[in-house]
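Okay, structure first, notes after.
The values are calculated or read from the model by the stated rules, or taken from the named source; none is laboratory data. Given the structure is predicted, the values throughout are model-derived calculations rather than measurements. Using ideal geometry, Cβ is built from the backbone for each residue, glycine included, and neighbour counts are taken over all protein chains shown.
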């Protein structure tokens, strides 16, 4: 039997997006601009765009890469907060990512979608419906703020939490949203510890 028949709705959606983005990246010479990525995903697909950006930020990149994606997530979350169509322009929109990054990102997103799709179902709709949009946007902004700092290895866990929130909200699964928030808060605590450690080290070096 065809494996496609066993895909959950979120898995099928991620696979379709991956195919569209891979085609666009090839058309742009193997490097896709973030502005083009947002256009492909849709001007009103705030959670879907944040999901893709969080997948990108789970992958180590060159200096400034994590901060750029962090700024992009915050920009999309602000648009979600004020209910505006998406438009990523300026230096963030022009920043390009390689097709290799995109492929690795979708491997991770497919895994997350597969795991969540097995257990996720519509429930606790108050936490995943339209009424929760502004609260979730504010939460994502708060979690993403530390990601703009140039400190290695602080992005992975918060972005897993954000990805779980996005997939769960797309599936209207309020319990999954709560689990994603707990993972993101754990990541935020770890990021806070890393930032404190860097500041403490700088203080010691300056004192010495």
Across the range 147-179, what is the total count of residues that are under 12 Å from the mean Cα position of the chain (by Cα) and farther than 22 Å from residue 67 by Cβ?
2
Check whether at least one residue in the range 97-107 is within 16 Å of residue 66 (Cα to Cα), assigned to a helix (DSSP H, G or I), at pLDDT below 80 and touching a helix residue (DSSP H, G or I) at 6+ places or on another chain (Cβ under 6 Å), and report yes or no.
yes
Picking from 131, 193, 180, 176, the residue that is in contact with a helix residue (DSSP H, G or I) (Cβ under 8 Å, 6 or more places away or on another chain), assigned to a helix (DSSP H, G or I) and either at positive phi or without any contact (Cβ under 8 Å) to a residue 24 or more places away in the chain (or both) would be 180
Read through the list (1) more than 28 Å from residue 178 (Cα to Cα); (2) touching a residue at least 12 places away in the same chain (Cβ under 8 Å); (3) surrounded by 15 or more Cβ atoms within 10 Å (Cβ to Cβ), then give the number of the only condition that residue 57 fails.
(1)
Does the range 135-155 include one or more residues that are buried (at least 19 other Cβ atoms within 10 Å of the Cβ), at pLDDT 85 or above and farther than 26 Å from residue 33 by Cβ?
yes
How many of the residues making up the range 113-128 are touching a strand residue (DSSP E or B) at 6+ places or on another chain (Cβ under 9 Å), surrounded by 15 or more Cβ atoms within 10 Å (Cβ to Cβ) and part of a helix (DSSP H, G or I)?
3
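Going through the range 41-69 one residue at a time, which ones are in a helix (DSSP H, G or I) and closer than 16 Å to residue 165 by Cα?
We begin by selecting, within the range 41-69, every residue in a helix (DSSP H, G or I); these are 41, 46-56, 65-69.
Answer for the range 41-69, where residues must be in a helix (DSSP H, G or I) and closer than 16 Å to residue 165 by Cα: 46, 47, 48, 49, 50, 51, 52, 53, 54, 55, 56.
For the condition in contact with a strand residue (DSSP E or B) (Cβ under 6 Å, 6 or more places away or on another chain) and in contact (Cβ under 8 Å) with a residue 12 or more places away in the chain, what is the one hit in 162, 78, 97? Even if it seems obvious, please write down each step before you answer.
Values: 162 fails: in contact with a strand residue (DSSP E or B) (Cβ under 6 Å, 6 or more places away or on another chain); 78 fails: in contact with a strand residue (DSSP E or B) (Cβ under 6 Å, 6 or more places away or on another chain).
On inspection, the qualifying residue turns out to be 97.
Give 69, 78 a once-over and let me know the one that is modelled with pLDDT of 75 or more and under 10 Å from the mean Cα position of the chain (by Cα).
Values: 78 fails: under 10 Å from the mean Cα position of the chain (by Cα).
Answer to the selection: 69.
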Report yes if some residue within the range 31-47 is surrounded by 15 or more Cβ atoms within 10 Å (Cβ to Cβ) and within 24 Å of residue 187 (Cα to Cα); otherwise report no.
yes
